[in-house]
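Here the structure is laid out as structure tokens; the discussion comes afterwards.
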Amino acid sequence: MTNKQNSTNIAIGSRIRKSPYYESTRRCGAKAFSIYNHMFMPTLYTSVVEEYWSMINDVVMIDVACERQIEINGPDAHRLVQFLTPRDVSNCDIGRCYYILLTGEDGGIINDAILLRLADDKFWISPGDGDVLLWIGGVAVNSGMDVTVFEPDVSPLQMGGPKAPHVMRALFGDMAIDLGYFRAAETEVQGMPLVLGRTGWSGELSYELYLQDGSRGDELWDLIEQAGKEYNIKPAAPQLIRSVEGELLSYASDIRREDNPYTVDMGRLVNLERTDDFIGKAALQRINKEGVKRKLVGIEIDGDPIMAAPEHFWPVKDSDKVIGHVTRCIHSPRLDKNIGFANVPVDYANIGTRIAIDSPHGELDASVCKKPWFPPEIKIPRD
């Protein structure tokens, strides 16, 4: 199954923003881009499989400046953040990062994000694709809280792979190794101000360098490229295969506005015992009590290797009836299997359930299976 698709060019113009690393990505051979948060994001350099193995075996650098930060500051900043998410972040200390969901009044997911606390009255929210800045700004305007919400000059650059700690140690010393998982610290390298975080969406050992001077993007890229040469560092796009293997869900694909946290197995990010209010609390209490009607499940798909991500949701059928859709799927080289996710009614969510998928290549058989296939790597080995 070659999944050959017609080539379509996307015009590069001034209306869509360019990353501070854009020129470096072009120099390093970026072949394709997508639009993410109104910014060009590289989606391919060599091949999805080659970039996958570079991440699994060595280290890659990924331009994720499209994760446009949202700063919330002011006397009521912590109070607003607590109101925005069903997760209890009341104990979030300075330097801590949290994975959070943002929910609407109906309990549906507005977006998923990383929350960073940088000071008593200063937070960053690093969102997935969507106009989250406008949503948070709207909430803030009507909240009566003393806060300021805006987009700061911050551009994340991600390192991922087992050799990522070696590259970071070369640049930042032992502090990069001692930095705890989902912790962040303000620092600098060669006069470039940044926040170094042990966060990332790679599924492997990850860091994110939140550059705070967009005029120096190419300079930071070159510095990391030089520091990573002995570790065989390569540029890469956000990794489809590894994200599916590790159940790192993608907003607008695996997670949609009509999904709630329980549909996508993220009930752990909801604290209904909180005494304070948050957006969607009443709806999520009701959903938790009544149960969900749909679930996002892992699937393994029979047939030839699926070598490219679907451009559209593939219908899932029971006989001739459409019951759901495949969100993302791809062939895993390590498993030598086609794996992915499907959104289906709860009656079809049991492990081993057989389903049929209507793909551009014909009908494919699949089975519901456990996920993740390879959990994300967290612990840095000590030399």
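The values are calculated or read from the model by the stated rules, or taken from the named source; none is laboratory data. Quick caveat, the model's predicted, so the values are computed rather than measured. Backbone-built Cβ (ideal geometry, glycine too); neighbour counts: all protein chains shown.
So the values come out like this:
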{"read-out": "ILE323, sole failed condition from (1) in contact (Cβ under 8 Å) with a residue 60 or more places away in the chain; (2) in contact with a helix residue (DSSP H, G or I) (Cβ under 7 Å, 6 or more places away or on another chain)", "value": "(1)"}
{"read-out": "Long-range neighbours under 8 Å by Cβ, at least six apart or interchain, first residue more than 13 Å from ALA119 (Cα to Cα) within region 180-196, second assigned to a strand (DSSP E or B) and among the aromatic types (Phe, Trp, Tyr)", "value": "PHE182/TYR98; PHE182/TYR99; LEU194/TYR210; LEU196/TYR207; LEU196/TYR210"}
{"read-out": "Given (1) crowded, with 17+ Cβ neighbours inside 10 Å; (2) within 26 Å of ASN338 (Cα to Cα), index of the condition ALA252 fails", "value": "(1)"}
{"read-out": "Close pairs (6 angstrom Cβ cut-off, 6 or more residues apart or separate chains): in contact (Cβ under 8 Å) with a residue 12 or more places away in the chain and within 23 Å of VAL346 (Cβ to Cβ) in region 265-285, buried (at least 17 other Cβ atoms within 10 Å of the Cβ) and among the charged types (D, E, K, R) anywhere", "value": "LEU269/ARG87"}
{"read-out": "Contacts under 6 angstrom Cβ, first residue in region 11-37 being under 12 Å from ALA237 (Cα atoms) and in contact (Cβ under 8 Å) with a residue 12 or more places away in the chain, partner of a type in the set (D, E, K, R) and assigned to a strand (DSSP E or B), 6 or more apart", "value": "THR25/ASP63"}
{"read-out": "Selection count where residues are touching a helix residue (DSSP H, G or I) at 6+ places or on another chain (Cβ under 9 Å) and either in the same structural domain as TYR210 (by TED's automatic domain parsing) or part of a strand (DSSP E or B) (or both), scope region 99-111", "value": "7"}
{"read-out": "Candidates THR275, THR263, filtered to the one that is among the hydroxyl-bearing types (Ser, Thr, Tyr) and crowded, with 21+ Cβ neighbours inside 10 Å", "value": "THR263"}
{"read-out": "Which listed residue, of SER19, SER90, SER34, is part of a loop (DSSP other than H, G, I, E, B) and surrounded by fewer than 22 Cβ atoms within 10 Å (Cβ to Cβ)", "value": "SER90"}
{"read-out": "Number of the exception - ASP178 against (1) over 25 Å from VAL59 (Cβ atoms); (2) surrounded by fewer than 17 Cβ atoms within 10 Å (Cβ to Cβ)", "value": "(1)"}
{"read-out": "Qualifying residue in region 121-130 (condition: outside the structural domain of THR85 (by TED's automatic domain parsing) and part of a strand (DSSP E or B))", "value": "no"}
{"read-out": "Failed item, numbered, when ASP259 is tested on (1) of a type in the set (Asp, Glu); (2) outside any loop (DSSP other than H, G, I, E, B); (3) closer than 30 Å to GLU290 by Cβ", "value": "(2)"}
{"read-out": "VAL49 over 30 Å from THR148 (Cβ atoms), hydrophobic (A, V, I, L, M, F, W, C) and surrounded by fewer than 17 Cβ atoms within 10 Å (Cβ to Cβ)", "value": "yes"}
